[in-house]
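Down below is the structure, laid out as structure tokens.
Laboratory data are not the source of any read-out in this text; all were calculated from the coordinates shown. No experiment lies behind these values; they were computed from the predicted model shown. FYI the Cβ positions are ideal-geometry reconstructions off the backbone, even for glycines, and counts take in every protein chain you see.
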Amino acid sequence: MPPAHSPAGAPSPAAAALNAATVAFLRTHVPFDRMPDAQLARLAAVARLRYWAPGETLLAPESGAPEHVLVVQRGRVERAVPSALASPGETDEPLQPGELFPVTAVLDRRPVAFTYRALGDVFCHEIDADTFRGVVAESAPLQAFCAQRLRALLEQSRAALQARYNEASSSEQSMTTPLAALIGRAPLGCAPDTPMATVLETMRRERIGCMVVVDADMRPVGIFTERDVVDRAARNQLDRQAPIAALMTPKVVALAHEATVGDAVLAMVRHAIRHVVVVHDGRFAGVVSQRDVFALQRVSFFRVAQRIDGADDLDALAVAASEIRVLARNLLAQGVAAEPLTQFVSELNDHVVQRVLGLVRADRPIDDVAFAWVALGSEGRREQTLATDQDNGIVFVLPPNGGGDGAGGSGAGNADDARLEPVRARLVAFARQVNAGLDRCGFPLCRGGIMAGNPRWCLSVAQWRALFGDWLRNPVPQALLAANIFFDLRSIGGTEPFVHELRVWLTEAAAPRKAFLQAMARNALETRPPFNWLGGLTGSGRGERPEAIDLKLHGARIFVDAARILALAHGVADTGTAARLRALGTRGVLPTTEAEASVDAFHILQQLRLRLQFGDPAGVADNPNAVLPERLNAFDRRVLKEALFQARRLQQRLAADYQV
């Protein structure tokens, strides 16, 4: 029964004392310790203390959606896997006093995924679901707790994976090492008015490869490196009396001291630099060089990249490309998160593509045509795992010839047709040779023919615009399928400005096309997370193992599709799924906590896909993205379920937004 009240409606003294005791208990535990008194008082006012005897069931999947959340007040609660998928007696860690459950089941209004039993005498505060959901809606700490549970699970999963592969990775330093750990000396910088002669003498005496220029508050304003010395000397521009401000590079690539070695590696490769400045609260804290990072690993990112870039022929390139898999396995074993790991793989794959383009251009010169080789699909989003085929195309412009629009013409029937087709024929022949070279390097030909060597996907800028415009105006099934691949385009090699302009045009053109976006949403919702009616995992029903779950089709793709649709609708230009979701959170399209929870869930699925592609025993031989749930341990199943429940929440939002 609820607490007694006085005739005037105020709680009785006994009820007030009970409420105060409940508030005091809650305040000693996360997340209640960060909540305002008024919100705690609302929860305490409806809380009821209940008792369960040893072995008694508190909650179970067959009981339907729970009507209360519980906070353990005394005792321990067993969380047992209630399915035939579990090994006999398999359980998760018991819930301790102060723990709140079942949060996601109550928020989603679905049955619990576990059976909860009392281990000994158990007392719990029972709070009705409607009140709890109402407080969640207005409580930032409680919202953050509900969303960050996924992040905590992701971190636990990475730690468990690292421990599992510890022997394989023991000889390698982790790419997750904070940059602060690599700084071995006090920061050495100089003021902008320091003479060049003084800077050079300091660099020689201290045996450093660069000098960071800082202002009066120790904030980096420039950098001067050994490479700058050689370059200036070669052009007779090394004035030893000039202030360093006149000769430094003013754009400094800086990372916070808590950033990782992996962050530094990506920055060095993307910006073609050898030094990354480290800052703490914006102030100069030190420098990490390519040499520092290079020494960390026997099979390093830089070594693989250098072997790829230095390959003289396709045979040598194929050998170098095979090392990407070795490096990726080491990084996975070190606990590198799925997001940077897929970015590492994508970056090295870009190097392979660029080297194949260079080798083919040497054999088949095509320098008189301005074109860009574009990556599509997962490669365009920088989300490639290790099981990937080719998805690519070409965007080109006609060379100026005193007529036409200079951007590839405006389509069939214009005066440029006679010039356009011969150019495209040359590019298609070139692209087919590139596609064959990539196939030799471990990137299989696309079975659907979505490759630059297919004349359909080797088009001028104007032709791409016309094609995209037709898809936007006529959202037939074929157009929707194509949009899921082509709308994530990114330039890898060649002339890039007009690809960026094409992306800007697409972002602006898609937003007002409500019918197209609604059709995309309807199409995306045809693929649902693999749950049965009790909220348990069920197979995707595909292939020779219908009991397996395809994590790409029925997991990661849900986040990819939803992020793409919402990004197009709200003018978000990013192509990566995580970047799109974060941008949607920043713009208020999604609540920030929901956006971050979706990012974490997406990365949980990506991490498990990578594990399967390295031969995890839970995988299926003929599908590198399929997992057999019965082969996962209790923790991995729990993590997978939570990620897929988040996918369902994102789909529910998509369905509500587009009324489908």
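The table for this structure:
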| quantity | calculated |
| --- | --- |
| Spin-label proximity, GLU206 to segment 219-236 - amide N less than 17 Å from point 7 Å beyond Cα toward beta carbon | 219-229 |
| Whole-Hz ³J(HN,Hα) from phi, Karplus 6.51 cos²θ - 1.76 cosθ + 1.60, for segment 347-361, glycine and proline x | 5, 5, 4, 4, 4, 4, 4, 5, 6, 4, 4, x, 5, 5, 5 |
| Within the chain, longest stretch free of exposed GluC sites (Glu not before Pro) [DSSP loop, at most 14 other beta carbons within 10 Å] | 259-525 |
| Cα point-scatterer Debye curve for the chain, base-10 log of I(q)/I(0) at q = 0.07, 0.08, 0.10, 0.11 Å⁻¹ | -0.58, -0.74, -1.08, -1.23 |
| Cleavage-rule hits (chymotrypsin sites (Phe, Trp or Tyr not before Pro)) in segment 471-550: DSSP loop, at most 15 neighbouring Cβ within 10 angstrom | TRP533 |
| FRET E, pair GLU501, THR57, Förster distance 51 Å, beta-carbon r, rounded to 0.05 | 0.25 |
| Reciprocal of mean inverse Cα separation for segment 179-294 (Kirkwood radius, Å) | 14.3 |
| Near-label residues of segment 365-387 by backbone N, under 20 Å of a point 7 Å along Cα→Cβ of ALA425 | 365-371 |
| Calculated on alpha-carbon atoms, Rg and Dmax of segment 258-392 in Å | 16.2, 51 |
| Span per principal axis, largest first, for the Cα atoms of segment 518-658 (Å) | 41, 26, 25 |
| ARG185-ALA509 FRET efficiency (beta carbon distance; Förster radius 51 Å; 0.05 resolution) | 0.45 |
| Contour excess over end-to-end distance, with Cα ends at GLU138 and ASP363 and 0.36 nm allotted per residue | 74.6 nm |
| Proportion of all alpha-carbon pairs of segment 201-262 beyond 15 Å (%) | 59 |
| Label-to-label distance, nm, for residues given as GLU547 and LEU481 (7 Å Cα→Cβ offset) | 3.2 |
| Residues PHE635 and PHE123, FRET efficiency given R0 of 35 Å [Cβ-Cβ distance, rounded to 0.05] | 0.85 |
| Theoretical gain in end-to-end length, THR198 to ASP239 [0.36 nm per residue, Cα-Cα removed] | 13.6 nm |
| Cα→Cβ-extended label distance, 7 Å offset, between GLU226 and GLN354, nm | 2.2 |
| For segment 412-506, projected area of the alpha-carbon convex hull averaged over all directions, nm² | 7.0 |
| Stretchable slack from GLN659 to ASP315, in nm (0.36 nm times residue separation minus alpha-carbon distance) | 118.5 nm |
| Average projection area in nm² (convex hull over Cα atoms of segment 13-138, one quarter of hull surface) | 7.9 |
